[in-house]
Amino acid sequence: MRAYSAYHFTIFPIEKTEIVSAWLTTFPFESYVEHDNGVTAYIPQDEAQKITLSDCLAIPFDDVTVSATVEEIEGQNWNAVWEAQFQPITVGDWTVRASFHEPTKTPHELIIDPQMSFGTGHHATTQLMLAQVLELPCKNAAVLDVGTGTGVLAILAKKRGATPVMGTDIEDWCVENAQENASKNSILDISFSTNTLDKVDVKFDIILANINRNVLIMHLPEYAKKLNTNGVLLLSGFHEDDAEVLTDLAQTHGLRFEGKTEKMGWICLKFLL
């Protein structure tokens, strides 16, 4: 089983946890878990050489103090770890729960077993994206979910009638997890892959990208090229401070700002082509 390094960040004041979390998403951590004193970020030990603790602590904010310790965690049953932390969440009339939870009383539900993939529905950005997908005209819409993680956004779009639906991620194990989750929701026709955008040769009515600021800035021009006329682009994974630069870049590439939602300091932007 894969071994991980856990970076335990202590944050003062604790109210700045969301801002610090936004900063940490610029590093290649795989998942984040908030705790009473801050947040813990996890990264596979064989990937940990890509980051340094000093870089993580070089937070560009004057009104917050952050310290950290690093814990090496031997390979273990990560599903059991997540089961202890993962509770159902509800967005609109949909509940996202794991397979080991009892069925809920909401009209609709998604079964998502995370296996350390980002995007269970618990992070504020995923909840923002879920809420927006519930407002979109998904029926017969072609949807691309970039950085799909657990596949939760792609699966929701498919459940709401989108077709075809594609999900991409840079990690093979995320693709496998997304495929497993789709199957648990009786969906077998979402195309999940590690294909990069340059290998995707079709256009979409809806593109969903819940990643981080740096990746979004890098790929936003390509998102614009992949949208059909009147298509919708949803972006999340960043803090309020990054909304302006992303909006300016999107408008430079012909996208029209349509709206912004916020949760716990995190932002979701909606654009139309």
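Test of understanding: among Val232, Val200, Val245, which residue is out of contact with any Gly (no Cβ under 7 Å at 6 or more places or on another chain) and farther than 23 Å from Ala162 by Cα?
Sole residue among the options that is out of contact with any Gly (no Cβ under 7 Å at 6 or more places or on another chain) and farther than 23 Å from Ala162 by Cα: Val245.
Suppose the filter is at pLDDT below 90 and in the same structural domain as Cys174 (by TED's automatic domain parsing); does Lys105 pass it?
yes
From the set of residues in the stretch 180-211 that are assigned to a loop (DSSP other than H, G, I, E, B) and touching a residue at least 40 places away in the same chain (Cβ under 8 Å), which is surrounded by the most Cβ atoms within 10 Å (Cβ to Cβ)?
Ranking the candidates gives Ile211 first.
Just the residues that are touching a residue at least 60 places away in the same chain (Cβ under 8 Å) and either aliphatic (A, V, I, L, M) or part of a strand (DSSP E or B) (or both), please, taken from the stretch 212-235.
Val215, Asn228, Val232, Leu234
Pick out, from the stretch 1-53, the strands (runs of 3 or more DSSP E) lying fully within it that include 2 or more residues that are of a type in the set (A, V, I, L, M).
The strands (runs of 3 or more DSSP E) meeting that bar are 4-12, 38-44.
Determine if the stretch 184-193 includes at least one residue that is touching a helix residue (DSSP H, G or I) at 6+ places or on another chain (Cβ under 7 Å) and on the phi > 0 side of the Ramachandran plot.
No, the stretch 184-193 contains no residue that is touching a helix residue (DSSP H, G or I) at 6+ places or on another chain (Cβ under 7 Å) and on the phi > 0 side of the Ramachandran plot.
Would you say Leu144 is in contact (Cβ under 8 Å) with a residue 60 or more places away in the chain, in a strand (DSSP E or B) and either more than 26 Å from Asp93 (Cβ to Cβ) or hydrophobic (A, V, I, L, M, F, W, C) (or both)?
Yes: the conditions hold for Leu144.
The values are calculated or read from the model by the stated rules, or taken from the named source; none is laboratory data. Given the structure is predicted, the values throughout are model-derived calculations rather than measurements. Don't worry about glycine lacking a Cβ; one is built from the backbone with ideal geometry, like all the others, and counts go over all protein chains shown.
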